[in-house]
1. Please report the relative contact order for the range 325-422, taking Cα pairs under 8 Å with a sequence separation of at least 6, and give it as a percent rounded to a whole number.
2. Near Gly196, within a Cβ-to-Cβ distance under 12 Å, what is the net charge of the other residues, with Lys and Arg +1 and Asp and Glu -1?
3. Per 0.36 nm of contour for each residue apart, how much would the distance between Trp272 and Ser322 grow if the chain were fully extended, relative to their Cα-Cα spacing?
4. Divide by every residue of the chain the summed helix terms, -39500 (n - 2.57) for each DSSP H run of at least 4, and state the resulting mean residue ellipticity at 222 nm, rounded to the nearest 500 deg cm²/dmol.
5. Scan around Val388 for amide H atoms under 5 Å from its own, H built in the peptide plane at 1.01 Å from N, and keep only partners 5 or more places away or cross-chain.
6. For the residues Ser484, Ser354, what sequence is obtained by ranking on other C-beta atoms within 10 Å, fewest first?
7. Charges on Cβ only, +1 for Lys and Arg, -1 for Asp and Glu, centred on the Cα centroid of the chain; of Gly241, Tyr378, Ser343, which one is farthest towards the dipole's positive end?
8. Lys515: which aspartates and glutamates have alpha carbons under 16 Å from its alpha carbon, excluding same-chain residues fewer than 8 sequence positions away?
Amino acid sequence: MMNAVVADVIRPTFDYKNPDYLPVWQKRARILQALSQDPSLVADFKVHYKFHPWDFINDWGVTIDPRVAGVPGRTPLMPFILMPRQVDWCKWLFERWQKKEPGLTEKSRDCGVSWLFMTMAVTLCLHWANINIGVGSAKEDKVDRSGDPDCLFYKGRKFLQYIPPCFRNGWHPKRNSQHMVLTFPWTESSITGEAGDNIGRGGRTAIYGVDESAHVERPKLIDASLSATTDCRIDISSVNGTANSFAERAFNPAIPKFTFHWRDDPRKDQAWYDRKCAELDPVVVAQEIDISYTASVEGIIIPQTHVQAALDADILLGLTPSGARTGAMDVADQGKDKCAYASKHGFLLEDVRSWRGIGMINGREWEIADSVVKAFGYADEWKHTAFVYDADGLGATVRGDAREVNDARAKENIRRVLVTPFRGSGAVLNPEKAFPGTERKAIDYFENFKAQAWWWLRILFRNTYRAVQHFKEHGTLPPDFDESEIIVIRDGTPEVRRLCMELSQPVWIQSKTGKVCVDKTPDDVSSPNLADAVMMAFAPRKLGVVVKSHHLEQHDETQ
């Protein structure tokens, strides 16, 4: 009997775009019938669910989506079939609780994270004894209001309502459910809700979830109260600029962070994103969908719509990358910033990686030389013959470190890697040539090479965006298309979501003499190390590369 039940529990691939829930309901009915015939199996399932709560949600959870009411073959009530990224989030939350540490989730809109938190909270309280889980939001109506499906406690009650009695452990909707309180008699655990400035004043909790914490009115009061309430504070929110506690915590490397991007949702694709871009204000798209902390900041160099268009654009356009494989290293010390390395193959950004130059290695503290060794490792991994590094500031020592590494490699008959400096503070390339679309010389247009390189990256992304839009409308590439003047980002790499956000962080400003300058950290957010590495990897290096294109954009100095 047990083997038959286990076989039925195996979760096949689910089509989220065209869901068929009937087989899911039928499978649940078969498992329940087997459990009723052999009740001893229930205890085995409970042991498993205690340490795998995401399986409990998958096996018995429900969710509500009023938007599908009236859609043929669909009902608002449906099984909660977790997407792969949602399973990852559940595991991430469980790990934060087990380690007694805080965490933060930044998300695109409509990713179901509120449902996830409440179903995880219920599942933990059903299986673990004497724990209290707190949940708070900016307004009480968002926490609990009778019959409102947008409320957090509505989600928890609805989930409990459809759990089979054998797993509900005596929970009763009248005896164990009050306003902003759920109690669990078998485990003596509970979920309590709070709102506004009162968040965190209800007593000690095992986990405390702050829903939409970027939008609370007085976050410092909440920060103070929660500091004495829980070791596992979980902030969950769409972003709301940089001038708030959520943003500060999001860029604090000491706080584990989980990013739930719309591209992690298998129900959504580029066509969905394009519709949203047409329907919504660009600031709303950037902030609510693309998770841009600087969406409302003026002068963004690379719009997020252009970044998104570059993801796997070669596949849409039918292009194959070719040319040299090279990389770029952004250097950081033991502070909050990270080192980063970008891998480039022709127009394709293959991958980006980041790491903190901190801690102990071989019995001593990590040094920049150790990061240089790590960069050589990435160069070998991606078969790079050369990479550039940020030679300003901390990167000044990289040249000597790289020489020592190459000398050691030569003794072992390992090929050398050409390592060259990138000096963003240095002079512009082709200073006497006019920048495309203007009559001004490059030396009169850009403050330094960093500004010129960021503007070139902006042009690459814009050319890619135009090519993608033209192909979607006409099925062909633009007449003036040049694949050496585009950029493609390989989607699906581990840090691509973070990179996409960072690329839209730098803004341009004008110097006192009217030249273009770059501010990489508007509102004092963290430095965009991944994006810096990409900028250096694609920076113009050959004579004439910046000025060879007659079709590049004209810079509107009145913006």
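1. So the answer I get is 28 percent.
2. Summing Lys and Arg as +1 and Asp and Glu as -1 gives -1.
3. Contour length minus the Cα-Cα distance gives 14.9 nm.
4. Dividing the helical sum by the residues of the chain leaves -11000 deg cm²/dmol.
5. Correct list: Gly327, Ala328, Met329, Thr420.
6. Ordered by Cβ neighbours within 10 Å, fewest first: Ser484, Ser354.
7. Result: Tyr378, furthest along the dipole toward the positive end.
8. Hits, sequence-local ones excluded: Glu432, Glu439, Asp444, Glu447, Asp556, Glu557.
Computed from the coordinates by the stated procedures, all read-outs in this text should not be read as laboratory data. The model shown is predicted, which means the values in this text are computed figures rather than measured ones. Neighbour counts run over all protein chains shown; Cβ positions are idealised from the backbone, glycine included.
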